[in-house]
1. In this structure, does T108 turn out to be among the hydroxyl-bearing types (S, T, Y), within 16 Å of ligand 2 (Cβ to nearest atom) and either surrounded by fewer than 16 Cβ atoms within 10 Å (Cβ to Cβ) or touching a residue at least 12 places away in the same chain (Cβ under 8 Å) (or both)?
2. Have a look at R297, R278 and point out the one that is within 13 Å of ligand 2 (Cβ to nearest atom) and either open to solvent by 10 Å² or more (accessible area, probe 1.4 Å) or not aliphatic (A, V, I, L, M) (or both).
3. With respect to V203, is the statement that it is modelled with pLDDT of 95 or more and within 16 Å of ligand 1 (Cβ to nearest atom) true?
4. Here are the criteria: (1) within 16 Å of ligand 1 (Cβ to nearest atom); (2) hydrophobic (A, V, I, L, M, F, W, C); (3) surrounded by fewer than 22 Cβ atoms within 10 Å (Cβ to Cβ). Tell me which single one I186 does not satisfy.
5. For region 181-220, which positions are assigned to a strand (DSSP E or B), touching a Phe, Trp or Tyr at 6+ places or on another chain (Cβ under 6 Å) and of a type outside the set (D, E, K, R)?
6. Residues of region 302-325 being open to solvent by 10 Å² or more (accessible area, probe 1.4 Å) and within 16 Å of ligand 1 (Cβ to nearest atom), which ones?
7. Of the conditions (1) touching a His at 6+ places or on another chain (Cβ under 6 Å); (2) away from ligand 1 (no atom under 16 Å from the Cβ), R333 satisfies every one except a single condition; which number is it?
8. When only residues in region 257-274 that are crowded, with 19+ Cβ neighbours inside 10 Å and within 20 Å of the chain's Cα centre (by Cα) count, which is farthest from R315 (Cα to Cα)?
Amino acid sequence: MNLESEVEKSNSLVKRVGEIDFPQRKVYIKTYGCQMNEHDTQRMLSSLEDLNFDQTQEKEEADLILFNTCAIRDLANSKFYSHLGEIKHIKEKKKDVVVGVGGCVAQTEGKDLIKKYNHLDFAFGTDVIDDISSLVYRTYAGENKFSVNTWDRSRDYSIETKITHGKPQAYINIIKGCDKFCSYCIVPFTRGREKSRRVSEIVKDVQRLVEYQGIQEITLLGQNVNSFGKDNKESLAQLIIELDKIKGLALIRYTTSHPYDVSDELISVHGSSSKLSRHLHLPVQSGSNTVLQRMLREYTVEHYLGLLKKLRQARPDIVLSTDIIAGFPNETREEHEATLNLLREAQYDFIYAYSYSARPGTKAARMKDSLSEEERRQRLWEIQELQLAIQADLRQEMVGRVYRLLVDESGTKKDVLKWKGRTNCMRIVHFRPENESMDYLWHWVDVKITQATALSCQGEIVKDHGKSYPAPDLTVF
Ligand code: 5AD
Ligand code: SF4
């Protein structure tokens, strides 16, 4: 059903949709996991406006409570289960609250969740997120205790990016699903097969966002954006070349990548694009070839390091980051040491390191595992300690240089007001305002770095350019 067309576009306090009146209501959404989920939440909020829902941050005042779940590691999973339990008392006090669970956990476990939790009204998987208003409509039409986790079987993936937040930054889904089946990863089971949007559709989408919604920075999203366009004989490199031409767009980022699909064409775009970020997140997972084989990652450490070398040749100031899994099943001490060596060699600006967590249904979860949780924790700690030392040294080179930031937040700590922004190369920088009444939110500012540690950088403001992106300045990073 096309709800949009049935929505009365009047400004009245009640919207009539189909057979039902929708008074103004509030929705609370709890989001777990990655940027993909954050973006899905945005899409849901936008879609629920059709049913007269506004977002609230207080679950106690919500009429509709939604969980957008993540299954990638046990931690996010168990947080969700405990939050779902806590909602029970809200439903006991306020019987007409509607509760729904969506996303990755609901994709594989939706039916069981519905059976197990009396206070849960409906569950919905990852491929029906854009149908959220139809599903909520069904609950107001009297249906409950249902679960929808069907896959969209069409070959095409065509959407329009919906934004409600008013920031100049936007996430743009360009590919969904993953065909890689790394042995530890649940994503191919929760997000399905790869499907890409068309370059022409994305370019039009971004043009519209830049022109009408003030978007200046975009992040192209997918589980493996490097596979983008394969079925349509298109590529990520080609997409970036087209997006580079959009007037008014300042910065292009993409995440997340798989080293197997990083092409020479893409590397050369890192050198030639004027808008592509000077940061690349390229998950390696392990520095040991034997572990990479057991992970089914399809590349060797040598191949990976070769990619870093080529990227640094194409763009000498590129800043690199990665993901590491500590304590993959049966990882030996030598295999772990190989990861430490890789960190020394690669010189990442930051890393996300995780302790391996067995995900039901994956190949790795069926492997016999000789490691204890204590050993995994110890290895994770060693990885993090080493990386902190590496990045503390690396970041010293920032001191004295001027960086351009897009300011996104302010906060007061120990009575000192500071603003925060991100550089083109993804480093977070804090600075004090010239005077306390200045509002720098979403301004582009140039900041000279005075102090840099492994985890934070401080600077002083050199120039405030206001909200429109200033002309590039080669003396500024
Ligand atoms: N255990 C630990 N970390 C995992 N990741 C994915 N699956 C697992 C797992 N089972 C990590 C990988 C991936 C990141 C998004 O999450 O490092 O790149
Ligand atoms: Fe998971 Fe990424 Fe491997 Fe896909 S490429 S299976 S999302 S780790």
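The values are calculated or read from the model by the stated rules, or taken from the named source; none is laboratory data. Source: prediction; values computed, not measured. Here the Cβ positions follow ideal geometry from the backbone for every residue, glycine too, while neighbour counts run over all protein chains shown. To get the accessible areas, we keep the full protein, side chains included, count just its heavy atoms, and leave off ligands, DNA and RNA. Shrake-Rupley method; radii C 1.70, N 1.55, O 1.52, S 1.80 Å.
1. Values: among the hydroxyl-bearing types (S, T, Y): yes; within 16 Å of ligand 2 (Cβ to nearest atom): yes; either surrounded by fewer than 16 Cβ atoms within 10 Å (Cβ to Cβ) or touching a residue at least 12 places away in the same chain (Cβ under 8 Å) (or both): yes.
Yes.
2. It is R297.
3. Details: modelled with pLDDT of 95 or more: yes; within 16 Å of ligand 1 (Cβ to nearest atom): no.
In short, no.
4. Result: I186 passes all but (3).
5. Across region 181-220, the qualifying residues are S196, T219, L220.
6. Hits for region 302-325 are D323, I325.
7. Of everything listed in (1) touching a His at 6+ places or on another chain (Cβ under 6 Å); (2) away from ligand 1 (no atom under 16 Å from the Cβ), R333 misses just condition (1).
8. So, considering only residues that are crowded, with 19+ Cβ neighbours inside 10 Å and within 20 Å of the chain's Cα centre (by Cα), the one farthest from R315 (Cα to Cα) is H258.
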